[in-house]
Structures are given as C-alpha cells and as structure tokens.
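Data first, discussion second: the structure below is written as structure tokens.
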C-alpha cells in the first residue's frame with residue numbers, strides 16, 4: 001500500500017478523532033485553568049491551578065474518589081468471575097441455550113437508568129425485597145446511608161455481568177475441539193481443563209473485558225445518581241460529584257468541573273496501566 005492510499009483510508013478517521021476527542025480534551029484542560037460560572041459564561045477569568053487546588057482540598061472529592069475506587073475494586077472482579085462462570089455453564093448447555101442467554105442479557109439491554117429504577121423500587125418501602133426482608137428479620141427495611149453503597153454495588157454487578165458473560169462465551173465457542181479432546185485423553189478434570197486450557201485461550205479477552213469494565217466502573221454515573229440524587233453524598237462517585245459541582249444551584253462552577261474531568265481522565269490512565277502493560281506484553285510475545 002502506497003502512502004497516498006494509506007492516508008486516503010486513515011485521514012477521515014484521524015480528523016474525526018481530532019474533532020470528537022482531542023479538541024474537547026484540549027478545551028477541557030484550558031477551561032480547568034479558568035474561573036467560569038454558568039451565569040457568566042462569556043467572561044472566563046484565568047486563575048491558574050486554583051481549581052485543582054480547590055478540588056484536591058475538598059473532602060467531598062476524596063469521599064467520591066474512595067467510593068469510586070471501591071466501586072472499581074468490587075464490581076470489576078466479581079462481574080468478570082460471575083460472567084466467566086455463567087459462560088462456562090452456557091457452553092455446557094445444549095437445549096434451550098438461546099432462551100437462557102436472552103434472559104441473562106436482559107439486565108445489560110435495559111438502559112442503566114431504567115434498570116436502576118426497577119432495582120431500587122424493589123428495596124423501597126412497599127417493594128418486594130423490602131417486604132421479604134421485613135418478614136424474615138421482623139424489622140422494616142429502608143434505603144439509607146448505611147446500606148446504599150452495597151445496594152449500588154449489587155445492582156451494578158447485576159447490570160454489567162452479561163457483558164463479560166457474552167464476551168467469554170463467544171471466546172469459548174472459538175476454542176478448538178482438538179485441545180479439549182487432547183485434554184480429555186490426558187485425563188484432565190474440570191479445574192485442570194479450566195486453568196490450563198480455557199483460561200489461557202481467553203487470556204486476551206480477559207484483558208479486554210477488564211479494561212472496558214474498569215473504564216466503565218471508573219466513570220459510572222447513571223445508576224449512582226438514581227440511587228443517591230442529592231442525598232447520600234458519601235455514596236457519590238467522581239462523575240456524580242463532578243456534575244453536582246458543575247451544575248450547583250445557579251452558580252455552576254464549570255471551571256472546577258473541568259478540572260475534575262481532567263483529574264478523572266488522568267486517574268483512568270493510571271488505573272489502566274496494568275492492563276495496558278499486560279496487553280503490550282501479550283502482543284510482543286505473539287510476534288516472537
């Protein structure tokens with residue numbers, strides 16, 4: 001392929017990425033150094049790193065950061081383990097597989113806001129699960145600061161698990177039968193088969209699902225906002241905190257909001273470093 005043909009294919013994509021990604025990022029960084037309010041959008045004033053200093057000294061930011069890290073650490077491994085387990089079951093099922101798969105994909109197909117509202121209603125006063133808990137424990141159940149974090153985590157795992165499930169299931173379908181037959185001849189049981197045959201085959205998909213899941217978990221907003229709204233600020237994630245700061249009352253500190261966005265992007269890169277390094281090593285090993 002000559003250079004002219006190469007640029008003919010790649011230039012449209014490069015231009016679109018510059019317009020949709022690079023330009024907004026540069027604008028966000030620039031606005032993060034300004035004092036900019038919703039009620040006075042036409043008069044941004046340069047304040048340097050004052051927004052970043054304000055963010056990093058705000059106790060609510062660190063509270064949101066801690067819960068975001070907890071959200072990532074809890075939901076990503078659990079939804080990947082559950083997804084792999086369900087994918088293995090589906091791979092072993094013959095009759096009715098399409099029905100089971102369609103039912104398991106429903107939480108992922110439903111939009112996050114709708115799924116969160118449905119899940120939340122189950123635990124509200126008069127909800128089915130709230131009633132069952134009251135019957136079993138003889139104590140009324142209500143969503144409050146002491147349990148809202150764990151309810152958010154449970155609902156989020158339920159919502160995102162089908163993504164890992166369908167990805168791992170697709171990977172299992174591409175596993176050569178010869179490997180499975182050789183493993184059976186060698187007398188490998190379920191766990192040896194899983195550890196030495198199936199997981200190595202899914203290694204690249206595990207890295208891919210981990211990266212996507214970490215990015216999604218780090219920037220989660222919809223479900224947390226449905227559960228908390230303006231209440232339970234200790235259960236706010238970075239995205240909820242950012243929106244609350246940027247749209248607060250009639251002030252709306254957009255400059256500070258952009259500074260939070262920049263810090264969030266940097267945080268995502270830091271969290272993704274292990275996955276990116278593993279992906280790089282896998283690519284190098286495949287070329288050798």
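Each reported figure results from applying straightforward, stated rules to the coordinates on display, with no laboratory input. The model shown is predicted, which means the values in this text are computed figures rather than measured ones. Don't worry about glycine lacking a Cβ; one is built from the backbone with ideal geometry, like all the others, and counts go over all protein chains shown.
Rg/Rh for the chain to two decimals, with Rh computed the Kirkwood way over all alpha-carbon pairs.
On the way: Rg = 23.4 Å, Rh = 22.4 Å.
Across the chain, the Cα-based Rg/Rh ratio is 1.05.
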Run the helix sum for the chain: -39,500 (n - 2.57) per DSSP H stretch of 4+ residues, divided by residue count, reported at 222 nm to the nearest 500 deg cm²/dmol.
-23000 deg cm²/dmol
Is any residue of the stretch 101-126 close enough, with backbone N under 20 Å, to a label point placed 7 angstrom from the Cα of residue 93 along the Cα-Cβ axis, and if so, which?
101-110
For the residue pair residue 247 and residue 230, what label-to-label distance in nm results when each label sits 7 Å from Cα along the Cα-to-beta-carbon direction?
1.2
Honestly the stretch 1-85 on the Cα gyration tensor test (a ≥ b ≥ c root eigenvalues; a/c under 1.5 rounded, otherwise a/b vs b/c for prolate or oblate) is just oblate
Mean-position separation - Cα centroids, the stretch 131-185 and the stretch 26-74, in angstrom:
34
The chain, Gaussian network, Cα under 10 Å: of 186, 54, 40, the residue fluctuating most is 186
Picking from 260, 99, 152, which is most flexible by a Gaussian network model of the chain using Cα springs under 10 Å?
99
Any chance you could check the Cα centroid distance between the stretch 90-123 and the stretch 223-273 for me, in angstrom?
29
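Could you work out how much longer the chain between residue 9 and residue 106 gets when fully extended? Use 0.36 nm per residue separation minus the Cα distance between them, nm to one decimal.
Values: separation 97, 0.36 × 97 = 34.92 nm, distance 3.75 nm.
That pair, residue 9 and residue 106, stretches by 31.2 nm at full extension.
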Say we join alpha carbon atoms closer than 10 Å with springs in a Gaussian network model of the chain; which of 129, 90, 11 then has the biggest fluctuation?
11
With a ≥ b ≥ c taken as the square roots of the eigenvalues of the C-alpha gyration tensor of the stretch 1-149, please select rounded if a/c is under 1.5 and otherwise prolate if a/b is larger than b/c or oblate if it is not?
oblate
